[in-house]
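Read through the structure below, which is laid out as structure tokens, and then see the notes.
The values are calculated or read from the model by the stated rules, or taken from the named source; none is laboratory data. Source: prediction; values computed, not measured. As a convention, Cβ positions derive from the backbone with ideal geometry for all residues, glycine included, and neighbour counts pool all protein chains shown.
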């Protein structure tokens, strides 16, 4: 399961938001990915792991890890930044 930081979505281009992220966020479910941060909420991508990793890879082509925070859910139920 993957998530993208809600506040960082402003930095992603409109085309990426409309064609990559919006189709896999139908329910607009959010998760508290970074509990100690004020802006640590992430929108959960409702897709399989392969598609989620592909979306993150496309975002990483243009934006670094610090500009657009992406998360992957670990087996322990916590979120790790990727």
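Out of curiosity, is residue 25 buried (at least 16 other Cβ atoms within 10 Å of the Cβ), in contact with a strand residue (DSSP E or B) (Cβ under 6 Å, 6 or more places away or on another chain) and modelled with pLDDT under 95?
Working: buried (at least 16 other Cβ atoms within 10 Å of the Cβ): yes; in contact with a strand residue (DSSP E or B) (Cβ under 6 Å, 6 or more places away or on another chain): yes; modelled with pLDDT under 95: yes.
The answer is yes for residue 25.
Can you tell me which residues in segment 18-35 are part of a helix (DSSP H, G or I) and either over 15 Å from residue 69 (Cα atoms) or more than 11 Å from the chain's Cα centre (by Cα) (or both)?
18, 19, 20, 22, 23, 24, listed by residue number.
Quick one: in segment 1-17, which of the residues that are within 12 Å of the chain's Cα centre (by Cα) and assigned to a loop (DSSP other than H, G, I, E, B) is nearest to residue 34 (Cα to Cα)?
If we take residues in segment 1-17 being within 12 Å of the chain's Cα centre (by Cα) and assigned to a loop (DSSP other than H, G, I, E, B), then 6 is nearest to residue 34 (Cα to Cα).
Any residue at all in segment 58-74 that's part of a helix (DSSP H, G or I), touching a strand residue (DSSP E or B) at 6+ places or on another chain (Cβ under 8 Å) and closer than 15 Å to residue 6 by Cα?
yes
Could you run through segment 38-75 and say how many residues are crowded, with 18+ Cβ neighbours inside 10 Å and within 19 Å of residue 14 (Cα to Cα)?
The number of residues fulfilling the criteria is 11.
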